[in-house]
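Working notes for the structure below.
The values are calculated or read from the model by the stated rules, or taken from the named source; none is laboratory data. Computed from a predicted structure; not experimentally measured. Using ideal geometry, Cβ is built from the backbone for each residue, glycine included, and neighbour counts are taken over all protein chains shown. These accessible areas exclude ligands, DNA and RNA; they are computed on the full protein's heavy atoms, side chains included. Shrake-Rupley method; radii C 1.70, N 1.55, O 1.52, S 1.80 Å.
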Amino acid sequence: MVLFQINPFYQEINVGHLTTYLIMLFSCLSTSVFAQPDGPWPWVNSASQSDEVSILLMGDMNLQHRDDPADAFEHFMPTLKAADLRFCNLEGPFAGPSDPLIHDIPHKKSWRHSDPEMVEGLVAAGFDAVGVANNVTYPYTALLKSLKVLDKAGIPHTGGGNNRAEAIKPVILEVKGTRIGIVQYATTVFPFDHAATETQPGIAEVKVTTSYQPPPNLDKPAQPAIPVANPDPASLQSMKDNIHSLKNEVDVVIASYHWGVSNMLEPDEYQRIIAREAINAGADLILGHGAHKLQIIEIWKNKPIFYCTGNAVFDWWKIRKSLNGLLIQAVVKDKKLKRVSFVPLQRNENNQPILYDPATGVGKELVHRIDVSEGMHRARLRTEGKEIVVLDADHKEEIPVLEESWEAGGFERPECLVFDPQNEQLLVGNMNGDQPGDGYISRVSKSGEIIEKKWITGLNEPKGMAISGNTLWLNDINQIVKIDIAMGEIVEKITVPLVVELNDLSIDPEGTLFTNDADGHKMYVLKNGKPEIYWEDVSRGRPNGVLAEENRLLVATTNSHKLLSIDKATRLAHVLSDDVGRGDGIEAVGNGGYLISDYSGRIFYLTPEEFLHTLHDSRGQKLTADFEFVQKDNLLVVPTHQNHTIKAFKLQFPKM
């Protein structure tokens, strides 16, 4: 391995380049340019802090046909210069175009390699290393030409070489006493003259095999087959061994991968396998590229996975329309990865990247394209200043505790309850026995005294309650029951046809009532007094608890143990957590967090960043059914159903 010592003082670009830079800066001013400051981007953590190392990472970089290659970085050159280290994927070898009548890659129509002079753009921008393992570093003769250009320019590289040992060799960069190791691999590899072997030059490859399954319905001709891709076990193990060895030599490991399918918005499952195995082997951050689109970001074992960071500069004409990318900042402190954040970018009419404030306009839209994924491993993105934070070791979540307040008996299978703010009382739904009509509702004080045990009678199995004004709504097997609280009378029963059994219900801020049929795998909405199917998905696993908000429904499932967020605009669901057990009650805390009950006996707190924490566990002792949280009193009251009590807790947040 070659060790490079980074000089903290950077050589200034020459006067001619500086003059060009200033002329273009003032002549091309537009509203888009004002998306970023004149100087370096105002990261929360800057390289000026002597005890921290700032690393800037970018995806696909392609420089072609520029009179001055440095002008590609015109609008964020100060940002690049302010960092300690800079790395990107070099998507276009500096091998020079071949015969104009012949494509530089025979089976990639119109592809042209970059002129060697284009390397001056990377030099001017201060790039400390590049990765060369990708599909266009082909054939290996072009790779070897490009490596000579990089070597002459003094830019270290990883991912390619005269043989496999050289191709997988990491780059190790040392700055401020911290050692950063970078490896790059590709899965997008042509079957010949491309991947390095023991005796043949080429790029570093993680070999992936693809098979094809028949479609599920064989009665329809011309259906496409289903591709299934899997990493080759031996190749994957070799990659893991390389990363593990590197981790023993450096403080932080960045594993870079050129993979995926062009223009796809989601990664393939094989990419998740590779990324997670790399982290298991010691990688601290996964930098993905290759699809030319912004893709989701995940967290695995507290390590960030960027599946595709889009494009940086990309001059090849066929990718001109793929304008978007990310500038990632990784901050290392005390030789550990402390913080990872990013700023979205978009190339302008001159194909120059512009950084955008992620909180507004173009920047906000680009972030939204990333932050729409599902799964408990997706990164919880949050805006801080003018960047999006993916990982912050110093960020402390406020996790509350539940302190037992009181427990009251005398109930009969209480399954749900609701707080009546006008009368400062709790209304408790008792399922009682199995006889028709023996269910009832009790009135209870906030301190647990029964005011009136059988206030409303004649019900069957009251489940799920909500209050709107002076009206109490509840579910009763196949009916939505409307009760006038002041009169203490049932005023209407609305039959929902073809349901198995209604469970929870909730009313959104506009007064619209939503309810669910758990065993029927459906959600209903009440419109003009008539129930309509709102959402249906058998695969999601028995929707039980529901909380209706302005723009979404939160749904807890009992069979699949998931907490879902259903977008009201699209009615599409994504997973916030897959570990809520037999999900039952859902209540908003008021700070962006939520309380969720697992009927088996657990109570969870979902943070505003959407991480799940267990606050209470009484499994095997007491059940925790559809509860109520009284925000103004920080009072959580839980019906224990088969244990025939209701139990109250105080929700207390620690003083930070």
- Within the range 531-549: backbone nitrogen closer than 12 Å to the Ile494 label point (7 Å, Cα to C-beta): 531-533
- Query: What is the chain's relative contact order, in percent, from Cα pairs under 8 angstrom and six or more apart in sequence?
  - Reply: 9
- Stretched out fully, how many nm does the piece from Ser110 to Ile451 gain, at 0.36 nm a residue minus the Cα gap? 114.6 nm
- Rounded to the nearest 0.05, what FRET efficiency do Glu532 and His244 give with R0 = 51 Å and r taken as the Cβ-Cβ distance? Could you check? 0.35
- Message: Could you tell me how far the Cα centroid of the range 422-456 sits from the Cα centroid of the range 354-407, in Å?
- Response: 40
- Message: Lysine pairs in the range 513-656 with Cα distance under 22 Å, only those 8 or more apart or on different chains: how many are there?
- Response: 11
- Taking a ≥ b ≥ c as the square roots of the eigenvalues of the Cα gyration tensor, with a/c under 1.5 meaning rounded and otherwise prolate when a/b exceeds b/c and oblate if not, the range 44-197 is oblate
- Item | Where Rh is the Kirkwood radius over Cα pairs, Rg/Rh for the chain | 1.07
- Query: For Asp38 and Gln631, FRET efficiency with R0 = 45 Å and r from the beta-carbon atoms, rounded to 0.05?
  - Reply: 0.50
- In debye to the nearest 20, the charge dipole size for the chain, taken about the Cα centre with +1 at each Lys and Arg Cβ and -1 at each Asp and Glu Cβ, equals 960
- Probe 1.4 Å, all protein chains present, accessible-area order of Asp219, Asp99, Asp232, largest first: Asp219, Asp99, Asp232
- Task: Take peptides 257-263, 239-245, 223-229 and line them up by average Cβ neighbours within 10 Å, highest first, as a rough protection proxy.
- Result: 257-263, 239-245, 223-229
- Item | Potential lengthening between Asn470 and Ile399 on full extension [0.36 nm per residue; Cα-Cα distance subtracted] | 22.1 nm
- For the range 369-450, diffusion coefficient by Stokes-Einstein and Kirkwood Rh (Cα), 4 °C, 1.567 mPa s, µm²/s: 74
- For the range 250-345, just say rounded, prolate or oblate: build the C-alpha gyration tensor, square-root its eigenvalues into a ≥ b ≥ c, call rounded for a/c under 1.5, and beyond that prolate if a/b exceeds b/c, oblate if not. oblate
- Magnitude of the charge dipole, the range 173-263, Cβ model with Lys/Arg +1 and Asp/Glu -1, debye to 20: 240
- Can you give the calculated 222 nm mean residue ellipticity of the chain, where each DSSP H run of n ≥ 4 adds -39,500 (n - 2.57) and the sum is split over every residue, rounded to the nearest 500 deg cm²/dmol? -3500 deg cm²/dmol
- Would you mind putting 608-619, 358-369 in packing order, based on average other-beta-carbon counts within 10 Å, highest first? 358-369, 608-619
- Task: Note down the nm distance, to one decimal, between modelled labels 7 Å out along Cα→Cβ at Asp371 and at Phe611.
- Result: 1.7
- Query: Taking the highest mean first, how do the peptides 65-76, 190-201, 289-300 order by number of other beta carbon atoms within 10 angstrom per residue?
  - Reply: 289-300, 65-76, 190-201
- Which of the lysines could a cross-linker bridge to Lys321, judged by Cα under 25 Å and excluding same-chain residues fewer than eight apart? Lys108, Lys109, Lys293, Lys364
- Note on the structure: At R0 = 51 Å the Cβ-Cβ FRET efficiency linking His644 and Arg382, nearest 0.05, sits at 0.75
- Query: Taking 0.36 nm per intervening residue step and subtracting the Cα-Cα distance, what contour gain separates Asp579 from Asn263 on full extension?
  - Reply: 110.5 nm
- Pull up the cross-link candidates among the lysines for Lys148, meaning alpha carbon to alpha carbon under 17 Å and not fewer than 8 places away within one chain. Lys169
- Which whole-number percent is the relative contact order of the range 325-468 (Cα, under 8 Å, 6+ apart)? 14
